[in-house]
Each structure stands twice: as structure tokens, then as C-alpha cells.
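**Student:** Let me give you the structure first, and then I'll get to my questions.
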Amino acid sequence: MGSQVILKRPTFWIILLATLAFALVPALTGNLELRENLLLGAVYIILASNLNLMIGYTAYVNFGNIAFFGLGGYIGLYVVNVLGWSLWPACLIAGVVVSLLAFILGTGILRLRGAYFALATIGVNEAVKAFVTNFEPFGGASGMYLSFSSFNALGGARHALWLAYFAIVVLMGLSLWLSLAIKNSRFGLGLFAIREDEDAAMVLGVRTPRYKSLVYAISAFIPAVAGTLFFFKNGVILPDQAFDLTLSIEAIVMLMLGGQGTVIGVALGAFAYEQLRGFLLVSSTFSQFQLVVAGVLLLLIVLFLPEGFMGWVYRHLPRLRRVIE
Amino acid sequence: MIFDLTASVINGVLVGAIYGLAAIGLTLIFGVMNVINLMHGATIALGMFSLYLLTTAVGLNPYLAIVPVLLGGFVFGVLVYWIAVHRVIGSSDLMTLLATFAVNMIIIGVGTAVWTTSPYNVDVSVPQLAISMHGYTIPGTQIVAAVLAVILATLLYGLLYHTRLGKAIRAVANNRAAAELMGINTRWVLAISFGIGIAVAAGAGVLIATLFPFTILSGANYELKSFVVVVLGGLGDPAGAMLGGIVLGLIEGVTAPFVNVSWTPVIEFTLFVIILVLFPAGLLAFKWGRK
Amino acid sequence: MSALLEVEHLGKRFGGVRAVHDVSFAIEEGQIFGLIGPNGAGKTTLFNLINGVIKPDTGRVALQGEAITGMAPYSVVHRGLARTHQIVKPLNDMTVLDNVIVGACFGPQKLKLKEAATAARDSLKTVELIDRAHVLAGTLNLAGKKRLEIARALAGQPRLLLLDETLAGLNPTEAERMIAVVRRIREESGVAILMIEHLMQVIMSLSDRIMVLNFGEKLAEGTPEEIAHDERVIEAYLGDPDLASRLMEQK
Amino acid sequence: MSEALLELEDVVSGYDELQVLWGVSVAVMPKRLTTLVGANGAGKTTLLRAALGSIRVWSGRVRFEGEDVTRLSAYQKAARGLVLVPEGRQLFNDMTVEENLELGAYTARARPDYAANLERVFTYFPRLKERRKQKAGTFSGGEQQMLAVARGLMASPKVLIIDELSLGLSPLLTQQLFGTLADLKNDGLTLVLVEQNLHLALALSDYAYVLAEGRLHSEGPSREVANDPDVRKAYMGM
Amino acid sequence: MYKMFAGVLLALGVILPGMALAQKTITIGFTTSETGKLNADAAPQLRGFELWRDQVNADGGIKAGGTQYKVALKHYDDQSSAGRVQQLYTRLILQDNADFLFSPYSSGLTSTAAVVSEQFGKIMITTGAAEGKTYKLGNRYLFQMYTPADEYLTSALQAIKSKDPNAKIALVYSNDGFSKGAADGAAKAAKSMGLNVVLTESYAPNTTDFGPVINKIVSSGANVLIGGGHYADGSTLARQLYDKKSNLEFISLLVAPDIPKFASLGKAARGVTVPSQWEPTVAYKPDFGPTPEQFREMFQKKYNTLPGYHAAGGYAAGLVLQHAIEQAGSIKTPAVAKALNAMDATTAYGHIKFADGKQDHGLQVGHDMVLAQWQKGDDGKLHSKVVWPKSAANAKLVFPLTTYHQ
């Protein structure tokens, strides 16, 4: 932490380079398969790094993070599909509405601590999912199908999908930048104080309830926008796909893998996890046991490398702590 | 209408007893070692498939199958504890959540490879016990399952309150450091409690499998219901869990005549969050039998 | 002109236990006010009631004339009252400097990050911890952690500082350094201090006034001399000498 | 010193990286009441924890009945008859008085004497008998302390160590409890008392150790220690 | 010497082109739910694909424009979840060079995959994706094998009307996209047929305790039940209807009873009807490919179980694609698409014709569904018999069920 200018931080440049690489490599090579791979990587990085604001920065384990993604997708697609607006305002509306909802919800459930909070977030995800399944304006159980003509407004399917991809990559860059900026801000300092000892933080003057609600709302914004883009690209949104609790838990696994509380570590963790799952899935050797392999790996990390990859790096090369955040 | 409601209430109580038993496994582990067991659902599913194997391969009576499943569940639970959980006891909530989730992934992964995710059915019926009135029927299997659930819960209660081991478990739950000073090997008590929690969950799986077809993924549904139940009954309290289970069963039964049943999960989980926020100690506020 | 801190008829029960009962006192600007009493007398509870960690059942607390009774701890801090803990609460995985910056940022002055860093360094200098600024707080020894607590509380430039057993667990050398630190704080910043301390000689030499708490109630208040010679205080601290001799006779 | 029941030799210990004890030696003689006094933070509780095995002994030895038990954990020591009544009572609050007492007699060596011990405990503390079905958490401070001592006695201890008996108790209750301790000592129990109530502790005990800053300040027969002005200083800072 | 060399050359000249001809392969890519909750429904579909592939290859491959193409299937596990469907279809097209695509199982996953197939302009024959919405979004390359969801329950309603025009119908369905589509269609059809629906109720797809639902059915006074969802919930519902002696006279459930495993419910399965895309006993006269009977035998020989409609749909998807390629004489997409658009033919699976409008391209408009019922045969085992429409029936509909259960 401290007060160094953000532009002077190596991490900032790493983020910028990574974002550019994500955007440019598939664009210049025209490799659509690479694009699809990177897209999922970017989505997972978005999910994990925003979740990191809650878990890694504030030590509040949120299992319901995926609800933001799903709800964002629904609201965005509603705006595009039913109201017939263009994609960009839809993204913004989804982000703002979901953030507001999160802020209000947070005021209630953030009074809970530890395992109780974690349980409550599971409940939130399930309640939202069950509600949306019955909510007719969102298509209820049938979900919403995007007309292919919606792509035409953005210059045809091919063009629209590229745009959606670039937008998601930009969101990924924004997520990481936001993580870095918060880490180096007064706000972030307050969050870290809450993470270490909420009571002590309160006694030091950190307005903990407001800080927690704020970070909860912030951690909802980008995932909600990403949800709109992802399901726009997907062409269809269904309750089961939008509120998949497993994905929430996987996002936690990703940030553990990389090292909770770090910026780059979490991104690496998410990317590595996504690639690994993808590899296991298409590999002829592992595809049947991909879940088992992933489970064993997770267990080994929890038992023997609880501080994650970055934690391990810091332990062996403490100097890097200030270079790669 | 009145028969409708009566039938729904009875159905709710009977199913609720089984929810309660399933939740006891979860709440016991939470109460003793403050671990939210995310392999709970997978354990229930394992119980279901154990029943399937014991009845089809061994030809055991489905209700007698509970005994070997309880024993096997216990051994399995103790093993899992030493391998996956012990190292992370006492570290952050996140660690124990993830450790048990990892085991969950492994079980589901192996289960999927062995049994696929398609449903299995164990053909059990006890027609002589079925009760019919005005067109509403309570199947015999449901009555037997509920009774067995209550018996198992009572046995567990007896174990906790009237045996040396049970008292040691409660002592560890209450004050682990003091328990150690009394000469209790708390590490083993934790392992045994985990074993019991797993065994009870697997036993609940057996009972559920006598009622409904199931897949390796079915447990997840009961895991979520168990969360609701333990929150209703108060986290960490076995007696509360049984009551919470019945309350949940009743909620499901009693709301049905009035709203479309597809809204039931909305009601359940909204209630769950609200109760958790307003009454973190549980609506029924029992704690190890404290009134 | 009201006092800096006014406490009136403060009371709190925990179940059947009367932790604090009907305690009143006042602290003037710049004063060092000592709070003593046997273990379990309710001293730390009194601190918690004053700074809002626990809500009192009865009574009133006012800081600079403004009622702060039952306010959240952070609101109390923002009004100029900072504290340390008997059981230290460092933010372990953050550096010493960051710990103190938290205090400076969120303390009464609500400094910006950059100014906070400066204030934090000053504060660390005051408690002689500046050379450890970049180590993780969790790796400090107890004496270091205690000084860190003071630095954190001080960095926000409060009007009143509550010190809870700052010397407990320190060896004589460390304790002496700490006493010097407390003296320096008073000289440099003129902040008023309310301190709980066990070492009588320390509290006697540092305090302007002393209050004695026993079983949650105020037993005595006065200058150090008055307290030192108060029979009731000796009894509360050492146990009733008569009781001891009576027991001896029984045997 | 060889006939000592419990012996601590040069015990060094602490928490994580924080050293609290700097080589402390204590010997507890059978059928005697040994007292351990010292200011807050002098390391008394840490010494007990190290002796009982709740925290690791960094160096030095703990001997019980002549055997090296340094590396045994707390429950194993309890099983041998080394029993602690911890500071702050540490009762099983959600369990009844009777259950607390039963758990006191958890070890294999205490179980056969359960009935006898229960009777003995109820004679010492008739109040507990009246309330045997009540939850420990609902008790007042004094009753809780009685129960804590009673629970310790249920273990048929060879050495009973009591940490801060009088903490938070009224003088009257303190007096009662100390009376009970005197009786126990007369019955031949080996006791170790950690107390802040200096007068009472020294009046009752046979031998005293004074701890200051994690080291032994002085030791000797209680009467001598009681009259040592140095001790008053070390203890009170006066 | 020279002659010999020339002879060898000549021989090579004859053999090599032949070898080249035999070596050509077309790859068909798709994902299937090897894991996850859709596995039970997706597995038979995969078997259908594979049976078709094996037969085509055994017969020497698909002949198009004088070339013989062997068929290779390339598939990945989609885990019953849409998350990776687009990634995997992109991989199938780009990495595995799939020439044609089949759909995953279920309407939701198919819609997601369709975005990719449209983007790359690849033909995707969909099977197990009945929801009509997918085909009304302006696609150009989708071709649906299944009769759309909203028509699923029509045959059941017709049967009810013929047996008991005053029937009180309970419409109880799983709250998922496909089942809801079917139920909405049924509600409309019932209205236009003048039938009386006394209860419309949906339940969460993962429901296991149907007690409250069944109580509701009983109190509604319904004597007929139509609805259901997929295998897991449908089989559970059927079993509890039996356990709870619901006394219904007619039960028709979607999907579940068509999967042969349904028979493992024993008595609870007896008399339950299912709207089926296809049944082993239908007697279609195919314009190409095997007869239904031949298909049934081949399937049974290979997999040791009777095919249900999921399997038949999978098999027919291959057959239809094969026929279109052969008609087109090319494996080029525009030519094959043209052939598919023009197709109006009968196979073992029944009649096939795709809508060709801009707004509903590829929607299946030629295929008719049948109603099958689980009946006890002379061997004491349960058999699925076609009972509706009468023209296709090989058994009489048992109605009411009330006495049948005793």
C-alpha cells in the first residue's frame, strides 16, 4: 500500500499489457478458437477478481457472487430484447441496478459474520434464482432468447461477437485496475483493516458497515455488466445457467489458487484454472475424471498451499510483494 | 380444502422429519467444529447409492441397509476428517469450506464416472401401512421413513446426552480447551463427530432413496434444504435441526394449496436469508437443548 | 465550560453479573487520568462502554459536551477519542506503517492517504517504532505490538486517548521505555489520557488523578497521594488482611 | 527435590515468536499447598499452560511423579492426575452441573471413584447438589467458581492446580472458597494455587514462588515470603 | 523391366485414386451431456448418432458427387451446462474442422450452440431441442428433427377427448423452458378443443417431494394428468402418483416414460403414457434408410436395449444429413442446406419437413408425434405400445387406469 502514484506501479503496466494481449492477439491472428478460450478466461478473471474484493480484501466469503453475474445478464438482456435498446446502455443499466440491489441487500446480510454470512449468500443466490425462474417478465423458466437480429444492430453476428469480446476484455482490464486502485486507496486500507480484524478496524475509526456495503455493491457492478455481455454473446439466458452456484464456488477456488488478496495472483489463478478445466474437459485421458482431478488439486492446494501461488512466491521472493501486487 | 390441508400437513411432517435427519448431520459437524460441511449433499447421495448397491447386489432389505450404511458412513467420515479436514481445523472458514468442497467434487466426479448422472430407483413399498382418506394417501414408505428418521434422531440424541462419548462430544462443542483439560482427546472427538455427522447424512440418504428416485447429484438439493433447516433450528443444534426440518416440511406442505408450488423455493430461501439476518441464533433458538 | 470527557451513572449488566454499576467521573483537557482496580473489576468494560464497543444499560457519556452514549465505535473515534487494547489487536498481515496509516486515515482528523503516511511516520517516531515500519505487524513482539497500538491511536490526533494496560506483559526495560513514550506523548501533543494500569508505581507517578474500581463500582477517586493511603483501596487490592488472619486462626 | 510430585525445570515457553518464560523451575511437594504469585503478565498462566501441555515447552522439562511428561498433551496429563481448574472457569456452559461433574471424571482413573467423588464434592459444595440439573451458564460467578473447583476434584487429581480462584468474587465468597481449599489440603490433596489475593494465598500455603517478568523472583516458605518487602514490591509495584 | 515398371505404375494409377477416394472423411461435431443432469436424456441420443455412423461407414460411407466420405464423429462433454458450449463448438469447427454439426441435448444448450453455428455458417441438425423459440430468431442453418414443444401434448389431449370429453384435466409441469413450452401449447390446445383444465401447476425442476403437488391434484378433483418434465422429475412424479394412489384415469408425462429405464419403476410405470417423437413399433414406410423394424433390431443388437425416441432422433438426424448430402452431391454447406430445405420425406423416424420461412426457418413441420403407453405384455413385462393416433396404434389405450392398477 502507501501512496505511490498508480502509473508508477509495475502491476499497472502488467495489467495493461495483459489486457492488450487479450484483445490484440486473437484480433490480429483472427483465431476465433483462441478468442473463445480467452473469453472464458477473461470472464473468470472478472468473476474472481471482483469476488476477491469481498474475500481477499475484506474477508467476507460470498458464495452468491454469481447472482450478480446472472442478474446482470437478465437485466441486460431484458433491456436489449424486450425494450429493444442497444447493448451499451443495457450494460450500464444492468451494472447500476445490480449494484444498487447489492448495496441494499448488503446493508442487511453484511451484519452477519464468518460462516453465517457465507450461508446467507448461498440463500441469496438460490432465492434470486428461484424468483427469476418464476418471474414472467424475464421469461420465467423459459428464459430469454436473443433474436439474431439483435446482433445486426452491431453490424452482424460476427462483428457483434467481436465487440462483445472486446468489451469483456476491457471489463477484465477494468476489474484488475479497480482491484489495484482499491488496494492502494484509503478505501482499500479500510477494507484490509476489516479483513485483519473488524472490531479493531471499527475502533480505529473505519466506518465498517458502510465500507462493507460499498465493497459489496462495487463487487457487483462489473460482474453484472459482464453478465449482460456474456449472455448477449450466448444468445440465450436460462435460470440454471445464470445462477450456477458451482461457478461461484469455482471462482473462490480460482482466487485461492492465485492467492487471495493479490491482484495479479487472482488473475493468474482464474486463468490457470479455466485453462486446466478446459484441458481436462477435451482431453481424452481425463475427460471422464475431470471433476475428480480438479477436486484433488483443490484439496492439495487447501492443505499444502493455503496462501496460493502468489503467497508462495512472496514467501520465497519477498521483494516481489511490492512489485507484483 | 380441510382434507387437502390436513394431508399437506401430514405430508409436511413426514417429509420434514427426513429433512431434519439430513440436517442433523450438517449441524452436528458445525456445532462441534464450526465447519460448514460442503460435502454434505454428496454424502447423502452416497447413502442413496449405497442403498441401491445393498439392495440390488447384496439383496438386503432396504430398511436393514441403514445399519451397514451408518457404519460405513462413519468410517468414511473419520477417514475424510483425517485426510482432508483435520489440517484446516481452526484456520479460516474459507479453508474448511474449500476442503470439504474439494471432497465433494471428488465424490461427485467418481460417482458420475461410475453411475453417470441418470436416476436410479429402488423399488420399495410397504402397502400395508399406507393410510388413505378422502382420496389422499400417505404411502407406507413415507411413514416408515419418517419413523426411522425420528428413531435415528432419538438414538443420536440419546448418544449425545446419555453416553460418555456423547458428553465428550458436547463438551468439545461447548469448550474445546476445557474438554482437553478434562482428559478428553479432542482430536479424536472431532474425528468421531465428523464421522457421526457423515454417517447420519448417509443414513438420511438411504431413507430418501426409499421414497424417491435419485441421481448422484440429488444430494445437492438436500444440502440446500439442510442449510435452510439448520438456520431455522439454530446452527449447531441437533434437536433444533429436527424441529427445523419439520417446520420446513410444513412450510412446503402448507403453502402449496395457496401458491403455485414452483414458488416454494422462493419462499424457502427468502425466509432463510431473513431469519439468518434477524435471528442468527436460529428461529427456534435451541442450542444443545438449551431452552 | 464542561470537561473533556464526562461519564455519568454508567451501568451495564451481563446476565446476572453487574459488570459496571453507576460510575461517574470527568476528565479535563490534557489530564492523565489513572484507572485501577483488581482483575475483573470492570475496567475494560468501562472502556468498552465509553468508546461504544458495548452499549450501556444506563448512564451517559459526553465528549467535549457532546453526548456519545451508544454511538458506534468509529463515530466515537471521529469525535476525537482513540484507544488501545489490553489484548493487542494488530492488523497482522499489514505492515506496521500501514497499521498506523489506518489509524491516521480513519481517526479524528480523517487524513488523506498521503498526509496520513506522514502523520503515521511521526507517530511511529514518537513510539520509537519507525525502524520497523515495513515489517508485518504480526511479526512484532508484544512490546512492539503495544507500541504499535499506541501509534495507531495517536496518529489520528485524538483529544483523548484510552490506554488499556499498556505495560502488562512487558519486561522492566520495555516498560520503562513505554513509560517514557507515554510521557513524551503528553508533552508533545497535550492529549488527555485515560489509562488502566496495574503497576501502581507507574500510575502513581504518571497520573494527575486516579479512580479505583472494585466489583464494577467506583471505590475511590483522588490524587495519587490520597489513593495510596486509602484503606479501602489496599483492601480491595491485597485482600482483607483481617480475613487472612482469621483464616490462619481457623486452621 | 526428588520427592516432588510435579517438577518444572528451566521451562522456557511463549506464544508464536513471543517468549514469555525465561527458564522457570518450580517443585510441587506432595500434600502441600504451593502458591504461585506475581503481577499481571508475569507469566503465571503461561507457566501453567506450559506445564499442562496446552502450549509447547520450548526448552526445559516437566516431570510428574518422576516421569518426564514434557511432550504429553493436556488430555494425557489429565489422565495421569495432573488437573487444572483454569482461569475464568471455562465451564461447559450449555451443560448441566451434573454433566460438568461427569466430564470432570472423564478419565479412566477417575471413573471408578465417580460416586464417591460426587458425594465428596456435594459435601464441600451443597449448593451444587441443589442445582445439579441446572445449566452451568446460568450460574453466578461464585457458583461457577465452585463448580469449576468441584469439576477439578471429580478427576481424582494427584495435583490440583487452581488458576485465579478469587477472580471477580466477593470477599465473602472468596473466604468460603479458601476455607474449602484449607479442608482439601487437610484431606491430603496436593494443591497449586495461582492467586492475586496475596494475603490469602500466602496465609494458606506452605511454599510460595514469586514470578516476575517471566522469571522466578524469589521462593521460600510462605510465611517468609509474606514478610518479604521485596515481594510486595515485585507484586504490587509499591 | 520397363514393362514391369509400367505395370506397377499402372497398378498404382488404378489403386491410388481409389485409396484417395476411400480416405476422405467428413467430421460431424457436437457436444453431449456425458455428465451433469441431462445425461440420462442425452446418452441415448449419442447412441443414435453412433449407430448411424457405424452403419454408414460399414456401407462404405456417404456417396456425394462420385466421392465416398467416411463419417467421423467428434464430440465433447458439455457437462449439461451452457458455460463452455460456445467455446467447444468453436473448437469443433476450427480445431477439429467439423463439416457439419449436431446439436447438444436440450433447447437451452442448443440455442447457445446455434449462435456459433450461425456465426460460422455451419449446418446444425438439432435433435432433442424441441423448444420452438430457438428457430424463430432468424437463423439460416438450423434444422429441427423434433416436433416442436408446444405440440407435444396434443395427441394426449386428443386421446382424452375421445375417451372422456368431460375429463377434468390437471396440467402439472416442471418449471423449465421445454416443459413450460409444452404446457403452454397444451393449455391453448385444450381450450380450442373445449377441454376442461381444472388445475395448472408448475413445480421446480429439482423437486423430489411431490406430496404437496399430488395433494393439490387430488383436491382439484382432476381425473386426468398431463405434464411432467424430464426424466428425473417425471419418474419421481410417476412413482409418487402410484405410491399415493392418486386414482387418476389417465396420466401422460413428457420425456421420462419414453426412456426404457422408466420400466424400472415397476408398477408405478404401468399405464403411464408419453407423447413420443417415435416408438419402436411404428410402421412408417421410409423413402430411404432402414425400416423402423430394422432400426429397432440393429439398435437392440448393438446396445442390448430398445431404442426410445431420443435414440431414434439421433439416428434420424444422421440419416437426414446423409440423404441431404447425397441429394446435393456435395458436402458444401449451401448445397446441403438447399437439399435440407427442400426435403419432404419419410424415414424410419417418420415424416420430415422443415419450415423455410424467414421467421421460422428449420422448424420441424412434417413430423407427427404418437402417444405411447406402458402396458403389461403377455410375458408379464412392461412394454411401451403405441396407442395414438389410431392409425399408428398397435395396442388399445387402457382407459381408465383406475382398475388397471389393481
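The values are calculated or read from the model by the stated rules, or taken from the named source; none is laboratory data. Please read all numbers here as calculations on a predicted model, not as lab measurements. Neighbour counts are summed over all protein chains in view; Cβ atoms, including those assigned to glycine, are modelled from backbone coordinates with ideal geometry.
**Student:** Can you tell me which of B:161, B:157, B:120 is more than 14 Å from chain A (Cβ to nearest Cβ) and in contact with a strand residue (DSSP E or B) (Cβ under 9 Å, 6 or more places away or on another chain)?
**Tutor:** B:120
**Student:** Let me ask another. Would you mind finding the one in E:36, E:65 that is within 14 Å of chain B (Cβ to nearest Cβ) and surrounded by fewer than 22 Cβ atoms within 10 Å (Cβ to Cβ)?
**Tutor:** Every option except E:36 fails the conditions.
**Student:** Let me ask you something else. Do you know which of the residues in segment E:120-168 that are among the polar types (S, T, N, Q) and outside any loop (DSSP other than H, G, I, E, B) is farthest from residue E:197 (Cα to Cα)?
**Tutor:** E:126
**Student:** Being within 14 Å of chain E (Cβ to nearest Cβ) and under 30 Å from residue E:219 (Cα atoms) is the requirement here; does residue B:44 meet it?
**Tutor:** no
**Student:** With the condition kept exactly as written, say whether any residue in segment C:183-192 is surrounded by 23 or more Cβ atoms within 10 Å (Cβ to Cβ) and under 28 Å from residue C:106 (Cα atoms).
**Tutor:** yes
**Student:** Moving on. Identify all residues within segment D:107-144 that are in contact with a Lys or Arg (Cβ under 7 Å, 6 or more places away or on another chain), within 14 Å of chain B (Cβ to nearest Cβ) and not basic (Lys, Arg); write none if there are none.
**Tutor:** D:144
**Student:** Return the total of residues in segment E:200-223 being under 16 Å from residue B:136 (Cβ atoms) and facing chain B (nearest Cβ under 7 Å).
**Tutor:** Adding up the residues that qualify gives 8.
**Student:** Can I ask one more? Return the residues of segment C:18-39 that are without any contact (Cβ under 8 Å) to a residue 40 or more places away in the chain and under 20 Å from residue D:166 (Cβ atoms); say none if nothing qualifies.
**Tutor:** Across segment C:18-39, the qualifying residue is only C:39.
**Student:** Of all the helices (runs of 4 or more DSSP H) wholly in segment A:60-165, which have at least 3 residues that are within 14 Å of chain B (Cβ to nearest Cβ), out of contact with any Asp or Glu (no Cβ under 9 Å at 6 or more places or on another chain) and more than 21 Å from residue A:47 (Cβ to Cβ)?
**Tutor:** A:87-109, A:114-134
**Student:** For residue E:184, are the conditions met, namely being part of a helix (DSSP H, G or I) and acidic (Asp, Glu)?
**Tutor:** yes
**Student:** Now for a different question. Go through the residues of segment E:40-57 one by one and say whether even a single one is crowded, with 19+ Cβ neighbours inside 10 Å, of a type in the set (Gly, Ala, Ser) and not in a helix (DSSP H, G or I).
**Tutor:** Within segment E:40-57, none of the residues are crowded, with 19+ Cβ neighbours inside 10 Å, of a type in the set (Gly, Ala, Ser) and not in a helix (DSSP H, G or I).
**Student:** In addition: Could you tell me whether any residue of segment A:124-143 is at pLDDT 85 or above, touching a Lys or Arg at 6+ places or on another chain (Cβ under 8 Å) and closer than 28 Å to residue A:34 by Cβ?
**Tutor:** no
**Student:** Checking the structure you have, find out if any residue of segment C:143-153 is part of a helix (DSSP H, G or I), of a type in the set (Val, Ile, Thr) and away from chain A (no Cβ under 11 Å).
**Tutor:** Within segment C:143-153, one or more residues are part of a helix (DSSP H, G or I), of a type in the set (Val, Ile, Thr) and away from chain A (no Cβ under 11 Å).
**Student:** Continuing with the same structure: With respect to residue E:74, is the statement that it is more than 30 Å from residue E:171 (Cα to Cα), within 13 Å of chain A (Cβ to nearest Cβ) and assigned to a loop (DSSP other than H, G, I, E, B) true?
**Tutor:** Here the answer is no, as residue E:74 does not meet what is asked.
**Student:** Hey, among the residues in segment A:221-252 that are touching a Gly at 6+ places or on another chain (Cβ under 8 Å) and within 30 Å of residue A:314 (Cβ to Cβ), which one's nearest to the other protein chains (Cβ to nearest Cβ)?
**Tutor:** A:247
**Student:** I've got another one for you. I'm trying to understand the selection: among the residues of segment D:75-92, which are within 11 Å of residue D:162 (Cα to Cα), buried (at least 24 other Cβ atoms within 10 Å of the Cβ) and at the interface with another protein chain (Cβ under 7 Å from one of its Cβ atoms)?
**Tutor:** The one that is within 11 Å of residue D:162 (Cα to Cα), buried (at least 24 other Cβ atoms within 10 Å of the Cβ) and at the interface with another protein chain (Cβ under 7 Å from one of its Cβ atoms): D:84.
**Student:** State yes or no: is residue B:131 touching a strand residue (DSSP E or B) at 6+ places or on another chain (Cβ under 7 Å) and β-branched (Val, Ile, Thr)?
**Tutor:** Yes: the conditions hold for residue B:131.
**Student:** Also, I was wondering about something else. When you check residue B:253 against the structure, is it of a type outside the set (Lys, Arg), within 13 Å of the chain's Cα centre (by Cα) and surrounded by 24 or more Cβ atoms within 10 Å (Cβ to Cβ), yes or no?
**Tutor:** no
**Student:** For segment B:61-111, which residues satisfy the criterion of being within 14 Å of chain A (Cβ to nearest Cβ) and of a type in the set (Phe, Trp, Tyr)?
**Tutor:** Passing the criteria: B:81, B:82, B:101.
**Student:** Pull up segment A:297-325, narrow it to residues that are under 26 Å from residue A:39 (Cα atoms) and among the β-branched types (Val, Ile, Thr), then point me to the one that is nearest to the other protein chains (Cβ to nearest Cβ).
**Tutor:** Out of the qualifying residues, it is A:301.
**Student:** Also: Give the residues of segment A:213-226 that are under 15 Å from residue A:55 (Cβ atoms) and surrounded by fewer than 24 Cβ atoms within 10 Å (Cβ to Cβ), sorted by residue number.
**Tutor:** A:218 - this is the single residue of segment A:213-226 that is under 15 Å from residue A:55 (Cβ atoms) and surrounded by fewer than 24 Cβ atoms within 10 Å (Cβ to Cβ).
**Student:** Scan E:192, E:106 and give me the residue that is of a type in the set (S, T, N, Q) and not assigned by TED's automatic domain parsing to the domain that holds residue E:225.
**Tutor:** E:106
**Student:** So residue E:283 clears everything in (1) free of Cβ contacts under 8 Å to residues at least 60 places away in the same chain; (2) surrounded by fewer than 23 Cβ atoms within 10 Å (Cβ to Cβ) except one condition, right? Which one?
**Tutor:** All conditions are met except number (1).
Every residue, every condition in (1) surrounded by fewer than 24 Cβ atoms within 10 Å (Cβ to Cβ); (2) touching a Pro at 6+ places or on another chain (Cβ under 8 Å); (3) within 14 Å of chain D (Cβ to nearest Cβ); (4) closer than 16 Å to residue B:41 by Cα, yes or no:
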site: B:189; (1), (2), (3), (4): yes, no, yes, no
site: B:203; (1), (2), (3), (4): no, no, no, yes
site: B:208; (1), (2), (3), (4): no, no, no, yes
site: B:214; (1), (2), (3), (4): no, yes, no, yes
site: B:225; (1), (2), (3), (4): no, no, no, yes
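**Student:** While we're here: From the residues in segment A:254-290 that are free of Cβ contacts under 8 Å to residues at least 40 places away in the same chain and either surrounded by 24 or more Cβ atoms within 10 Å (Cβ to Cβ) or not in a helix (DSSP H, G or I) (or both), which one is farthest from the other protein chains (Cβ to nearest Cβ)?
**Tutor:** Ranking the qualifying residues of segment A:254-290, first place goes to A:285.
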